[in-house]
Amino acid sequence: MLREHLKKIVGEKGWSTDAAVLEPHLTEGRGRLRGETLIMVSPNTTAQVSEVVKACARESVGVVPQGGNTGLCGGAIPDDSGAQVLLSLSRLNEFRAIEANDFSIVAEAGCILCDVQDAAKSVDRFFPLSLAAEGSCQIGGNLSTNAGGTNVICYGTARQQVLGLEVVLADGTIWNGLRSLRKDTAGYDMKQLFLGSEGTLGVITAATLKLYPNPGETTTVLAALGSASDAVELLALIRDRLSDRIQAFELISDRCLRFVNRHIPDITLPFESMSPWFVLCELAVGEQNSIVEDAMADALDLGLISDAIIAKNKAESERLWRIRHSISEAQKPEGANLKHDISVPIGRIEHFLARGEKVIESMMPAARLVAFGHLGDGNLHYNIAQPVGADGAHFLQAGRAITEAIYDLVVELGGSISAEHGIGVLKKGYLEQYRAATELDLMRAMKTALDPHNILNPGKVI
């Protein structure tokens, strides 16, 4: 019997069928999906992962890899058949090597993101991947979804942080590609197949990650603006003045701040009056705050901003960032939300926002736009909250037409329907709708080649 065999592979502490233990692993973060599992196994070595996958492959049983289960598209949740095996990577949480002079670290898939950041700090290095869930998300999941976060403008997405991978393939074979080379043109770059594939092509068990020089002291600025186009102009101005020292550049609508003020009790908004838009940026300027002050003064003279707060110390900076990181939490008490993780070219963001607002007004005037995101890389979380007092389930059902209209606009402007959250289950149909047949055929060909019996995260992505 497969379940008994899996128990022997992972040992007494490496499995569970207990309903209470399984519950948080079977439910998607927004509560929109729930699955069942034959058993959850938690291997603590790559060899055990290999044996688990081999056993499931022999029985043609689906394997669903899961990290911190912080994803937002249902990519780490088993289906409701109860026949799939849930493969938790949480016990694969060792740092195999930290090489300060090589600017690299080898982390197993279950390492929590903030622990990777701290490990880098311990050798006076910097790991730039940073997102709101960094206290619970795991690096394997970050890589399997090609996570983005706040520092993409300077360092790129999770994909750009990877030098090498260790992956368990669909037949249980272990591919060891844990190289730390910056230059390697010996054949295909195999690791790129698995990054962003959401566990459908192979199970990432470890990664060699890039580290960077410690950026030192950074300065945080929160600026108030009259329009999103002003934010694009402000980004251009700061880039001209500070070049590659922009660590993050976040666009936030006024409704986001009002929701935070309403629902997060220990946060105080820093401005006395509201503006339509705000920008939160992080700048690596050391002690040269005068450069930032001069840039903000020029932005004020040009009418790009109406006010700005420059954090005086780390505590003030953390308070400003907490506002940004609390937006998603503050949306929940407002009822159901249509969430769109989209990207468009930076120069077309204001055009997208203007047209998108007209789409919402024409289709559901009482719906409330909650827009924020990483303006520096063109990624917006374009969320729409239900009208006050509306029925949430009815709103989500009616909102499917709004979502399609928003995606139509995104694609028309040369954008993507998924910037950093992946496809999973919830966007699978949209991927097939908005990507060309040739591209989809290539994806299916890769899936067939690497997982011919469709046992790795079946039903996800493609």
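Taken together, the values in this text are just the output of simple stated rules run on the coordinates, not laboratory data. No experiment lies behind these values; they were computed from the predicted model shown. For neighbour counting, all protein chains shown are included, and Cβ atoms are generated from backbone atoms with ideal geometry for every residue, glycine included.
Quick look at the values:
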| item | result |
| --- | --- |
| Low-density loop cleavage sites - GluC sites (Glu not before Pro) in the stretch 301-351, where at most 16 other Cβ are within 10 Å (DSSP) | none |
| Set of lysines with alpha-carbon distance to Lys314 below 18 Å, sequence-local pairs under 8 removed | Lys121 |
| Positive-end extreme of charge dipole, the chain - chosen from Ala120, Ser60, Leu369 (charges on Cβ) | Ser60 |
| Whole-angstrom gap from the stretch 347-383 to the stretch 236-251, using each part's C-alpha centre | 22 |
| Cross-link pairs Lys332/Lys427; Lys8/Lys460; Lys54/Lys460; Lys183/Lys427; Lys339/Lys428 - those with Cα-Cα distance over 24 Å | Lys8/Lys460; Lys183/Lys427 |
| Relative contact order of the stretch 95-213, defined on C-alpha pairs under 8 angstrom at six or more residues apart (%) | 33 |
| C-alpha long axis of helix 314-325 to longest principal axis of the chain, angle in ° | 70 |
| Per-residue Cβ neighbour rank within 10 angstrom, fewest leading, Phe127, Phe395 | Phe395, Phe127 |
| Equivalent ellipsoid dimensions for the chain as semi-axes, Å, which come from the Cα gyration tensor, largest first | 38, 27, 20 |
| Centre separation in Å (Cα based) which lies between the stretch 1-47 and the stretch 50-123 | 13 |
| Leu456 long-range amide H proximity, modeled H, under 5 Å | Val63 |
| For the stretch 335-419: relative contact order, % (alpha-carbon pairs under 8 angstrom, 6 or more apart) | 47 |
| Rounded D (µm²/s) - the stretch 329-451, Kirkwood Rh over Cα pairs, Stokes-Einstein at 20 °C, 1.002 mPa s | 139 |
| Long-range HN-HN contacts of Asn146 with modeled amide H, under 5 Å | Gly196 |
| Check: the stretch 219-329 dipole with +1 on Lys, Arg Cβ and -1 on Asp, Glu Cβ, in debye | 420 |
| Peptides ranked, highest mean first, by Cβ atoms within 10 Å: ranges 39-45, 153-159, 58-64 | 39-45, 153-159, 58-64 |
| Likely footprinting exposure, Leu426, Leu375, Leu396, fewest C-beta neighbours within 10 Å first | Leu396, Leu426, Leu375 |
| Compactness relative to 2.2 N^0.38 Å, alpha carbon Rg of the stretch 1-99 | 1.07 |
| Estimated [θ] at 222 nm from DSSP helical runs (n ≥ 4, -39500 (n - 2.57)) normalised by residues in the chain, nearest 500 | -10500 deg cm²/dmol |
| Per-peptide average of other Cβ atoms within 10 Å, ordering 298-304, 260-266 highest first | 298-304, 260-266 |
| Local net charge near Gly373, Cβ-Cβ under 11 Å (Lys/Arg +1, Asp/Glu -1) | -3 |
| Relative packing of peptides 445-457, 213-225, 80-92 - highest average C-beta neighbours within 10 Å first | 80-92, 213-225, 445-457 |
